[in-house]
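For reference, the structure is listed below as structure tokens.
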Amino acid sequence: MDLRGRRRRLAVAVVLQLLCLASGNFVFKVRHKFAGRWSLGALRDHDAHRHGRMLSALDLPLGGNGRPTDAALYFTKIGIGTPSKEYHVQVDTGSDILWVNCAGCDRCPKKSDLGIKLALYDVKGSSTGKPVTCDQDFCTSTFNAPSSDCKVGMLCEYSVTYGDGSSTAGYFVRDYVHLDSVNGDLKTTPMNGSVAFGCGAKQSGELGTSSEAVDGILGFGQANSSMISQLASSRKVKKMFSHCLDGTNGGGIFAIGQVVQPKVQSTPLVQNEAHYNVIMKAIEVGGEVLQLETDIFDTGSRRGTIIDSGTTLAYLPDEVYNPLLAKVMARQPNLKTRTVENEFRCFAYSGNVDDGFPVVSFHFEGSVSLAVYPRDYLFQVNNEWCIGWQNSGLQSKDGKEITLLGDLVLSNKLVFYDLENQTIGWAEYNCEYTVPL
């Protein structure tokens, strides 16, 4: 069955009608990989694959948290090289490098089920492209130390293997990446920046299949190897980015750099974590605080709360999921639910869900709260409503104590990642965007 209620296309662009961006920001357009083709199984499988990647170790860590994924939800077009050539890349807040498939790649996909034409980057075909060698600063800083096997002139190589066995390998190159910039007169002009990125030489597993294939991944992680970190270090943009996902009508916005309006309330990021971790303090359901163990939200190995726009739903530890669901459903004690696809609790309901079910509010460090409305955590499938809250313990043994807040929680909000000040914030916002992709 198609999950019409979760279909969306994300337009990452200058949305002058919606928010005020500071001069010099980079902008671009983004589309949803599964637009119009969602199913409950696709939601579950997407998140399961992603969580396996997030929780697995890497063969060769990239700045400690280089975890590219083939399951990111959104992709965009960027220009690379001279002359500029367009590439479709996934946008992923859980990855730390930009990489694209390269000429001569072994087992790279040759076609995509997304209806896009795939392209291969060729460093020899760009007058500004050149390989990064293992003795250069970018390579030694990315891997935190020079390789013992490095000899002057050798390529700076990378290799990542994921929990499901898929892998990507290649070497770094440096070339110009072409984006649009917002000027003071609120118009866009082309701009470029020199960026070191991965040149994919070999893919395996799902990264080599045509299903949802794109040309590469654009990571927005915190490491110095990410594109946003490199652009910030060259003073092209501030080390900040934001997204706004329209969970009601589809569409949305994305911006790199400072957002002047709206004002967001922010909470500190947990230091030295591989993802965007925050400290949760409490959960309210319908204005009533859940009585939970005091250490349930402690941070640490395979614990804590992660904000991740690449995850569709929201995953809660068993000790949180059960009392939260009980409180949510207590508003409708006579409602009969059924299990769909062995996992989703669904029910028939003809009323307005915002009137019939409670608001769920998450409270974070710094007296910051995030409200999730019934229209966000309930989604419609045919003539039924299904519950988006999921039990972490049923998804992954390793991640059973992790709280993972995905699009279900983040939609209809402007989410602002301020990496310069190590905070993440949000504000209620109308994310509707009407310019066609």
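The values are calculated or read from the model by the stated rules, or taken from the named source; none is laboratory data. What you see is a predicted model; the values in this text were computed from it and never measured. We place every Cβ from the backbone using ideal geometry, glycine too, and count neighbours over all the protein chains shown. Ligands, DNA and RNA are excluded from the accessible area calculation, which covers all protein heavy atoms including side chains. Shrake-Rupley method; radii C 1.70, N 1.55, O 1.52, S 1.80 Å.
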Assuming residue 255 fulfils every condition listed in (1) of a type outside the set (Lys, Arg); (2) at positive phi; (3) open to solvent by less than 20 Å² (accessible area, probe 1.4 Å) apart from one, which condition is it?
(2)
Residue by residue through the stretch 293-337, note down the ones that are free of Cβ contacts under 8 Å to residues at least 24 places away in the same chain and charged (D, E, K, R).
295, 298, 336
If residue 234 satisfies every condition in (1) over 21 Å from the mean Cα position of the chain (by Cα); (2) closer than 19 Å to residue 123 by Cα; (3) not charged (D, E, K, R) but one, which is the exception?
(2)
Under 6 Å by Cβ, and 6 or more places apart or on different chains, what pairs join a residue from the stretch 231-249 that is more than 15 Å from residue 96 (Cα to Cα) and of a type in the set (Phe, Trp, Tyr) with one that is assigned to a strand (DSSP E or B) and at pLDDT 90 or above?
none
Those residues that are assigned to a helix (DSSP H, G or I) and open to solvent by 50 Å² or more (accessible area, probe 1.4 Å), I need them from the stretch 314-349; list them, please.
318, 319, 322, 326, 327
(1) open to solvent by 10 Å² or more (accessible area, probe 1.4 Å); (2) in contact (Cβ under 8 Å) with a residue 24 or more places away in the chain; (3) part of a loop (DSSP other than H, G, I, E, B) all hold for residue 225 apart from (1)
Based on what the data block shows, is residue 328 at pLDDT 95 or above and of a type outside the set (Asp, Glu)?
yes
State all residues of the stretch 96-141 that are in contact (Cβ under 8 Å) with a residue 40 or more places away in the chain, in contact with a Phe, Trp or Tyr (Cβ under 8 Å, 6 or more places away or on another chain) and part of a strand (DSSP E or B); if no residue qualifies, say none.
98, 99, 100, 101, 102, 121, 131
In the stretch 365-386, anything surrounded by fewer than 19 Cβ atoms within 10 Å (Cβ to Cβ) and either within 22 Å of the chain's Cα centre (by Cα) or part of a loop (DSSP other than H, G, I, E, B) (or both) is listed as 365, 366, 367, 369, 371, 373, 375, 382, 383
Would you mind stating whether residue 236 is outside any strand (DSSP E or B), of a type in the set (Lys, Arg), touching a strand residue (DSSP E or B) at 6+ places or on another chain (Cβ under 9 Å) and surrounded by 19 or more Cβ atoms within 10 Å (Cβ to Cβ)?
yes
Only one residue in 255, 213 is among the small types (Gly, Ala, Ser) and within 23 Å of residue 190 (Cα to Cα), so which one is that?
255
